[in-house]
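Novice: Mind having a look at this structure? Questions to follow.
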Amino acid sequence: MNPILAAAIDSAWGVTAIVWLVGIFLTKRPARQTSLLSRFLLLAPIAIGYTLVASHAIRQGWLNLHLWPQSLAMQESGLILTVLGCGLAIWARVSLGSNWSARPSVKQGHVLIVQGPYKLVRHPIYSGLLLALAGSSLAVDRSGCILGWILVFATYSVKIRQEEQLMLQTFPQDYPAYRRRIKALIPGVL
């Protein structure tokens, strides 16, 4: 892979990680949340999925098969998708502000956010991260990346169901209407 593009992709992920780390200290206290065990059971496949995409050490066997012809154009396209996805995730994270949580939860004084990227999809952080992960997978071009993306998508699907239940319980009047108007991950589609 082109080293400049690889560094740019790593930088997009690095900025996203910094926003997440800073944001952890700016959140409200939880009022209700899923169990810590549930958090770790969801965190493990997500960590494995991201590792399959990002790790330069996994270069053996069927996890290292190339899926399409390698080209600078594919790597540049992957970079663009990664930057757009990280940008969406950051925008959504900032829009959530102190309502954000690493695990499905309701914060004290929780507010239903329907502005910014939440006007487009109900779970724009997941949309952005999945887009960024797809972009990175496109640029890296290894079969292990596809497996990693699928693992992360499946785990985010579980988290979405948990979050949806909490939002329906917390906002029984507003959330069903919001849910009918706005798709979960892809505007107007899914």
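Novice: Mean-square fluctuation check for the chain, GNM, Cα pairs under 10 Å: which of Leu138, Leu26, Leu129 is largest?
Specialist: Highest fluctuation of the listed residues: Leu26.
Novice: Mean residue ellipticity at 222 nm from the helices of the chain, using -39,500 (n - 2.57) per DSSP H segment of n ≥ 4 over the full residue count, to the nearest 500 deg cm²/dmol?
Specialist: Only helices count here, giving -21500 deg cm²/dmol.
Novice: Against the longest alpha carbon principal axis of the chain, how many degrees, from 0 to 90 and to the nearest 10, is the axis of helix 124-140 turned?
Specialist: 0 degrees
Novice: How large is the translational diffusion coefficient of the chain in µm² per second when you combine the Kirkwood radius over alpha carbon pairs with Stokes-Einstein at 20 °C and 1.002 mPa s?
Specialist: 123 µm²/s
Novice: Rank by packing, highest mean first: peptides 101-113, 29-41, with packing defined as the count of other Cβ atoms within 10 Å averaged across residues.
Specialist: In descending order of packing, they fall as 101-113, 29-41.
Novice: What is the log10 of I(q)/I(0) for segment 117-181, computed with the Debye formula using one identical point scatterer on each Cα and no solvent, at q = 0.24 Å⁻¹?
Specialist: Calculated log10 I(q)/I(0) at the listed q: -1.00.
Novice: For Lys183, which lysines qualify as cross-link partners when the Cα separation must be under 18 Å and same-chain residues fewer than eight apart are set aside?
Specialist: Lys183 reaches Lys119, Lys159.
Novice: Please list 3J(HN,Hα) in residue order for segment 166-183, calculated via the Karplus relation 6.51 cos²θ - 1.76 cosθ + 1.60 where θ = phi - 60°; whole Hz, with x for glycine and proline.
Specialist: Calculated HN-Hα couplings, in order: 4, 5, 5, 6, 7, 10, x, 8, 7, 5, x, 5, 4, 5, 5, 7, 10, 6 Hz.
Novice: Sticking with this one: Near the amide H of Val106, under 5 Å away, which other amide H atoms are found, from residues 5 or more places off or on another chain, if H is placed in the peptide plane?
Specialist: Placed amide hydrogens put Ala31, Arg32, Gln33 under 5 Å from Val106.
Novice: Mind checking which of Ile46, Ile24, Ile125 has the largest fluctuation in a GNM of the chain, springs on alpha carbons under 10 Å?
Specialist: Among Ile46, Ile24, Ile125, the largest mean-square fluctuation in the Gaussian network model of the chain belongs to Ile24.
Novice: How tilted is helix 72-96 with respect to the longest principal axis of the chain? Cα atoms for both, answer in degrees (0 to 90, nearest 10).
Specialist: The angle comes out at about 20 degrees.
Novice: If you bin every alpha carbon distance in segment 72-123 into 10 Å steps from zero, what whole percent lands in each bin?
Specialist: Taking all Cα pairs of segment 72-123, the binned fractions are 23, 42, 21, 11, 2 percent.
Novice: Also: Can you give the charge dipole size of the chain about its Cα centre, rounded to the nearest 20 debye, using +1 on the beta carbon of Lys and Arg and -1 on the beta carbon of Asp and Glu?
Specialist: With Lys and Arg at +1 and Asp and Glu at -1, about 760 debye.
Novice: Which listed residue (Ser136, Leu65, Val121) has the Cα farthest towards the positive end of the charge dipole for segment 37-190, taking +1 on Lys and Arg C-beta and -1 on Asp and Glu C-beta about the Cα centre?
Specialist: Going by the charge dipole, the pick is Val121.
Novice: To continue, here is another question. Largest first and to the nearest Å, give the Cα extent of segment 46-91 along each principal axis.
Specialist: Cα extents, longest axis first: 37, 28, 13 Å.
Laboratory data are not the source of any read-out in this text; all were calculated from the coordinates shown. Model, not experiment: these values are computed from the prediction. Heads up, the Cβs are rebuilt from the backbone with ideal geometry, glycines too, and the neighbour counts pull from every protein chain shown.
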